[in-house]
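Contents: one structure, followed by commentary.
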Amino acid sequence: MRRSGWGRWLLLAVVVAVVAHALTVWLLPRAVVRVATNVMAEREGFNRAVFPPRADETSRTIVRPSPDLLYAGCAFDVASAPVRIRAVVPGDAYWSLSMFAANTDNFFVVNDRQAAAGTVDLVLVAPGTKVALPPGATLVEAPSARGIVLTRTLIAREDRLAELDEARRRFTCAPLS
Amino acid sequence: MAAGQRNGKHVRRALGVIALLVCAVLVGVVTAVLGVRNHFSSGGVQSGVWATNVHIGSTGASPYLRAGVALGGLLALNASETVYYTATTDESGAALRTGCEYRVDGTEPNARWWSITAYGDDHFLIPGSNGRHSVDRAAVERGADGSFTVRVGGAPRAGNWISTGSAGASQPFSLTLRLYNPDASIVNDLAGTPLPRIVREKCS
């Protein structure tokens, strides 16, 4: 049976709507992470640590920031070289270092209880990359070339703010030399 | 039929097809954005008025949840590290609004550290809150039995109080309960975890 002229176009419109829907759902997280990564990299460039001020009502870059935490971050890019990430864990306060892929996935996290040595030393690489690890460093494979590293330090008491901020600022993120 | 009339018919038909396909793209995009606006919509669970999803931040997240996280919870940790519950309504089912005052009654969650934070409809901290955006485990004042009551909204007050901004137009807002290093009993039973009740007291 021959389909009418407009019937064919309506069928095509349904297919186009479904494809547009699926593409939007797939692209949305990648676009948002890309914007967030680029905004973070605007300050210092890729593979450089940034130390944003404590979150308040003027913080409008990343949604739902916690005012009870100090953040340190780094927009990473492992496409051309591995990136070394080091941090000092403050004593007796919640702390974590987490890594996020280009699709929002939290692909790595370590907290203060797991980092019993008091420091964290990581080498972040693209999948399958062979690298000579510095002594004591741990290898982490990133599922995407670009993404975000974030540390969270709980401000357990306001009178410890300066001490915790000093520990936060010992976070480093740089190409592996 | 004259050649001019035939050409006119073809042009009208082509324009109609283009308009139809543009509409199709718009329908696809709009339904996608509406579908992911609630990032708990895909496999989420509810405990009272609090909603969460065990797949937030996880590599097993669905495409819809990833898109929802991007819009309303970017850089969220996975559930083994932190569980995020969000409430947008009170116990009666009415949307939380900045023009109302609420009482949040709870007991100590079984987690290493927790906080309750208010966010505006745009997912950012609410302007005009004078630093009173949240109450946390360290600062909350508890009763003798360990329970607590946090007031949300209304005039500034001492103690357990979260601001929803200065007086003005009543806007929707939400509360996020963060549970850092939650006990396994929470992660394994997100829907069954007892969480604070949110009761509306009055609206201006």
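Laboratory data are not the source of any read-out in this text; all were calculated from the coordinates shown. Worth saying up front: this structure is predicted, and the values here are computed from it rather than measured. Neighbour counts are summed over all protein chains in view; Cβ atoms, including those assigned to glycine, are modelled from backbone coordinates with ideal geometry.
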**OP:** Give the angle, between 0 and 90 degrees and rounded to the nearest 10, that separates the Cα long axis of helix B:63-72 from the longest principal axis of the Cα atoms of chain B.
**Re:** 60
**OP:** Work out from phi, with θ = phi - 60° and the Karplus expression 6.51 cos²θ - 1.76 cosθ + 1.60, the ³J(HN,Hα) of each residue of segment A:56-73, listed in order in whole Hz, and give x for Gly and Pro.
**Re:** 9, 5, 8, 7, 10, 9, 10, 5, 6, x, 9, x, 9, 10, 9, 10, 10, x
**OP:** Stick to the Cα atoms of segment B:78-203, pair each with every other, and give me the Kirkwood hydrodynamic radius in Å at one decimal.
**Re:** 14.8
Original post:
Once you wrap a convex hull around the alpha carbon atoms of segment B:39-106, what is its projected area averaged over all directions, in nm²?
Top reply: 5.4
Original post:
Using unit Cβ charges (K, R positive; D, E negative) and no other charged atoms, how large, in debye to the nearest 20, is the dipole of the protein assembly as shown about its Cα centre?
Top reply: 2000
Original post:
Roughly what would the spin-label model give for A:Leu27 and B:Leu20, points 7 Å off Cα along C-beta, in nm?
Top reply: 2.3
Original post:
For the pair A:Thr119 and A:Arg54, how long in nm is the line joining their label points, each one 7 Å along Cα→Cβ?
Top reply: 2.8
Original post:
In what sequence do B:Asp136, B:Asp183, B:Asp189 fall when counting other Cβ within 10 Å, fewest first?
Top reply: B:Asp189, B:Asp183, B:Asp136
**OP:** Give the distance, in whole Å, between the Cα centre of segment B:38-99 and the Cα centre of segment B:103-178.
**Re:** 18
Original post:
HN-Hα J couplings of segment A:36-52 from phi, Karplus 6.51/-1.76/1.60, θ = phi - 60°, integer Hz, Gly and Pro as x?
Top reply: 4, 5, 5, 5, 5, 6, 4, 6, 10, x, 6, 6, 9, 6, 10, 10, x
Subject >> Dipole magnitude of segment B:78-203 about its Cα centre (Cβ charges: Lys, Arg +1; Asp, Glu -1), debye to nearest 20 >> reply: 340
Original post:
If amide H atoms are built 1.01 Å from N in the plane of the peptide, which residues on other chains or at least 5 residues away come under 5 Å of the amide H of B:Thr89?
Top reply: B:Leu96
Original post:
At 37 °C and 0.692 mPa s, what whole-number value in µm²/s does Stokes-Einstein give for the translational diffusion of segment A:49-175, with Rh from the Kirkwood sum over Cα pairs?
Top reply: 218
**OP:** Give me the angle, in degrees from 0 to 90, between the Cα long axis of helix B:3-36 and the longest principal axis of the Cα atoms of chain B, rounded to the nearest 10.
**Re:** 10
Original post:
Based on the Cβ-Cβ distance from B:Ser170 to A:Glu158, what FRET efficiency comes out when R0 is 25 Å, to the nearest 0.05?
Top reply: 0.20
**OP:** Pull up all non-local amide H partners of B:Glu201: gap of 5 or more, or a different chain, and H-to-H distance under 5 Å with H placed in the peptide plane.
**Re:** B:Glu101, B:Tyr102, B:Arg103
